[in-house]
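The values are calculated or read from the model by the stated rules, or taken from the named source; none is laboratory data. Predicted model, so just to flag it, every value in this text is computed and none were measured. Neighbour counts are summed over all protein chains in view; Cβ atoms, including those assigned to glycine, are modelled from backbone coordinates with ideal geometry.
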């Protein structure tokens, strides 16, 4: 059952620009860590192209996308009832812990379930190993980029945009968005989230139709979970669940590998 997310107790509006900036800074931490961790996988560069130039260009390109998502969310999310209570509290100088209180339990439980789901996905097809915790990508990169940056891109930015467009189209911007519209926005953003994992899968296994279908739908299921948390509790609940799912998957994968080594 849908429950409204926690909102700042003060009725004064949250400054959009400052909120977008704080969110962008949080998202850029994931971008920087991911790019630096991915340097060993960069293709061979021409002799006249310094590695530093490629690194900076990659960070700038991703930074522009994150900035766009943060701005879209800051402008559109409140109009369709989507919030980031802890970040809003930080911007408004109100207690952040109070804003997190309604979010962390469900977010943590969902993160555990998501981690188990990632392991289950990887057990069925090797192409999902990049999401199971067996990828060479450091855990910090997966937690920061997946848990924060991806949630800003897919939920805060894209899902808010889809929900707002549907709300304007079918309700002419009047009243609260109907649940059917929010579910549509959740599913659309989840499918895009699932499709976003295909490049990583392609580096591991040929993308046959069954593999593509499975990768997209399996990851979209997690995307639906994160989208629901965003709608029900707030952006931070989705971030916590997403980031924690990678931690749980890493722990399970490590334990399974040790058990296999002993046996």
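A few comments on the model shown:
- Subset of the range 195-247 [modelled with pLDDT of 85 or more, out of contact with any helix residue (DSSP H, G or I) (no Cβ under 7 Å at 6 or more places or on another chain) and assigned to a loop (DSSP other than H, G, I, E, B)]: 196
- The lone exception for residue 165 - which of (1) modelled with pLDDT of 95 or more; (2) part of a helix (DSSP H, G or I); (3) in contact with a helix residue (DSSP H, G or I) (Cβ under 8 Å, 6 or more places away or on another chain) it fails: (3)
- Set side by side, the residues 31, 60, 49 differ, and just one is modelled with pLDDT of 95 or more and surrounded by fewer than 16 Cβ atoms within 10 Å (Cβ to Cβ), which is 60.
- Taking the range 171-183 as the range and being in contact with a helix residue (DSSP H, G or I) (Cβ under 6 Å, 6 or more places away or on another chain) and not in a loop (DSSP other than H, G, I, E, B) as the test, the residues that pass are 181, 182.
- Residue count for the range 122-138, restricted to those that are at pLDDT 65 or above and buried (at least 22 other Cβ atoms within 10 Å of the Cβ): 1
- Selection count where residues are in a helix (DSSP H, G or I) and in contact with a helix residue (DSSP H, G or I) (Cβ under 7 Å, 6 or more places away or on another chain), scope the range 69-97: 19
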